[in-house]
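I have placed the structure first, in the form of structure tokens, so that the comments after it can refer back to it.
Nothing in this text is a laboratory measurement; each read-out follows from the coordinates by a stated rule. No experiment lies behind these values; they were computed from the predicted model shown. Heads up, the Cβs are rebuilt from the backbone with ideal geometry, glycines too, and the neighbour counts pull from every protein chain shown.
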Amino acid sequence: MRKINIFETTLRDGEQSAGVNLNFTEKLEIAYQLERLGVDIIEAGFPAASKGDFNSVQEIARKIKNSSVTGLARAVKGDIDAAWDSLRGGAEPRLHTFIATSPIHREYKLKMSKQQVIERSVEMVKYGAARFPIVQWSAEDASRTELDYLAEIVEAVIQAGAKVINIPDTVGYAAPIEYGNIFRYLREHVPSIDKVSLSAHCHDDLGMATANSLAAIEGGATQVEGTINGIGERAGNVALEEVAMALYIRKDFYQAETGLVLNEIKRTSDLVSRLTGMQVPANKAIIGANAYAHESGIHQDGVLKEKTTYEIISPELVGVSSNSLVLGKHSGRHAFKERLQELNFTVTDEEMNSLFVQFKELADNKKTMTDEDIVALVLEEKATD
Ligand code: KIV
Ligand code: ZN
């Protein structure tokens, strides 16, 4: 099995979600939980962005011992100095410096030539490597960058001392096969590529962040960056719980694994949702409220006979206590009878026939049937016997 490092950026890219602003204590609380979850690297913030960010990155770097802590810096000395000042007390300080490489960003945002971007990157990676034991360099908007130029700049920054190379799909534009091919291309065309860890960083603008991250792993990525619940700039970053569970459930296919403590996933998701105020949709993969709920009669009957008929993930695996059979208009006799037993009711066959008809009539007019609805039906039935 190949080990895939998890670079967790809920506290940096995740906090860039519109409307999210975590305070010092909330950030620390999330960092401790990420450490419990077993992430390899925590990106704790952007130290040069504000005094508050600087302070929380510094505190997290001092307190977290089992994950490496990093902070973001543009390719300018002032940002790298701020990152060093905040991170240097940590167990394994790392710098994450970035510059955009795509023609659109070079022309309109940076107003720099290809050569100037290479020179700045090399200079700043050397500046960082003189301080930090590990420097990660990111090519912002890499997926819209000319491949031959991307390979050239990646080789140059490796020579300058970068130990991790990140290839972001910054605007969530790449298609999975295309994104995977960028990693294959770099593996084939960058002479020193085997000296570094190659990282994927996907945004979800077209809903392809998970597929893209997995495609990158197939293409040779050894690190995946993302957030819990997929929060982040615009449509968000890749949801790490989805990547981790896809690798776990389909290890037969991907032959790769993360070091995450999977049964801490739900607790981490709940914490991030509560502190950011960003609710998790009920149908969200892995951690949504409906992810382990079965509503239709055919599915409920199948799950009651053998869980694996409709359940590819045991809820306990991610820290969800159990699946649920939600009673509604699609439910069948099997699930209804099971719920009556759970509610400690013994009913005759005749009562069961009558109750099931009433249950279906009521369920037709309600979104879900609560236990109170069922208790009321049974008590009424018993009273009129
Ligand atoms: O999406 C992106 O390109 C980023 C970089 C700063 C790594 O978040
Ligand atoms: Zn990003």
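Taking packing as the residue-averaged number of other Cβ atoms within 10 angstrom, the listed peptides 31-44, 262-275, 195-208, 347-360 run from highest to lowest as 31-44, 195-208, 262-275, 347-360.
Please give the helix 147-160 orientation as an angle from the longest Cα principal axis of the chain, in degrees from 0 to 90, rounded to the nearest 10. Tilt of helix 147-160: around 70 degrees. Here is how the number arises for the chain: DSSP H runs of 4 or more residues each give -39500 (n - 2.57), the sum is divided by the residue count, and the result at 222 nm is -13500 deg cm²/dmol. The dipole here belongs to the stretch 76-134: it is taken about the Cα centre, uses +1 on the Cβ of Lys and Arg and -1 on the Cβ of Asp and Glu, and is about 160 debye. Its Cα centre serving as origin, the chain has a Cβ charge dipole (Lys and Arg +1, Asp and Glu -1) of approximately 1440 debye. A full extension of the chain between K382 and K366 corresponds to an added length of 3.5 nm, given 0.36 nm per residue minus the alpha carbon distance.
For the stretch 69-191, a simple Cβ point-charge model (Lys and Arg +1, Asp and Glu -1, everything else neutral) yields a dipole of about 280 debye relative to the Cα centre. Return the aspartates and glutamates within reach of K77: Cα separation strictly under 17 angstrom, same-chain partners fewer than 8 residues apart disregarded; answer none if there are no such residues. Reachable aspartates and glutamates: D85, E119, E123. Relative contact order of the chain, taken over Cα pairs closer than 8 Å and 6 or more residues apart, is 14 percent. Classify the stretch 222-316 as rounded, prolate or oblate, taking a ≥ b ≥ c as the square roots of the eigenvalues of its Cα gyration tensor: rounded when a/c is under 1.5, otherwise prolate if a/b is larger than b/c and oblate if not. Note, shape of the stretch 222-316 comes out oblate.
Cα centroid distance between the stretch 77-102 and the stretch 196-224, in Å? Taking the Cα centre of each part, the stretch 77-102 and the stretch 196-224 sit 23 Å apart. Multiplying each eigenvalue of the alpha-carbon gyration tensor of the stretch 253-385 by 5 and taking the square root yields semi-axes of 35, 17, 12 Å, largest first, rounded to whole angstroms. For the chain, the longest principal axis of the Cα atoms and the long axis of helix 333-342 meet at an angle of about 90 degrees. Packing around the peptides 284-292, 156-164, taken as the average count of other Cβ atoms within 10 Å per residue, puts them in this order, highest first: 156-164, 284-292. Just checking the listed ones, A209, A130, A221: in the Gaussian network model of the chain with Cα springs under 10 Å, the one fluctuating most is A130. Of the cross-linked pairs K109/K195; K3/K63; K284/K360; K284/K337; K3/K251; K305/K367, which ones have a Cα-Cα span greater than 20 Å in the structure shown? Check vs 20 Å cut-off fails for K109/K195; K3/K63; K284/K360; K284/K337; K305/K367. Each part reduced to its alpha carbon centroid, the stretch 320-385 and the stretch 256-309 end up 25 Å apart.
Calculate how steeply helix 77-87 sits against the longest principal axis of the alpha-carbon atoms of the chain, using the helix alpha-carbon long axis, and give the answer as 0 to 90 degrees to the nearest 10. Tilt of helix 77-87: around 50 degrees.
Shape class for the stretch 191-252: oblate, because the ratio a/c of the largest to smallest gyration tensor axis (alpha-carbon atoms, square roots of eigenvalues) is 1.5 or more and b/c is at least a/b. Among E311, E295, E342, the residue with the largest mean-square fluctuation in a Gaussian network model of the chain, with springs joining Cα atoms closer than 10 Å, is E342. Under a Gaussian network description of the chain, with springs only between Cα atoms under 10 Å, the residue in R106, R333, R131 that fluctuates furthest is R333.
The overall shape of the chain is prolate: from the C-alpha gyration tensor, with semi-axes ordered a ≥ b ≥ c, the ratio a/c is 1.5 or greater and a/b exceeds b/c.
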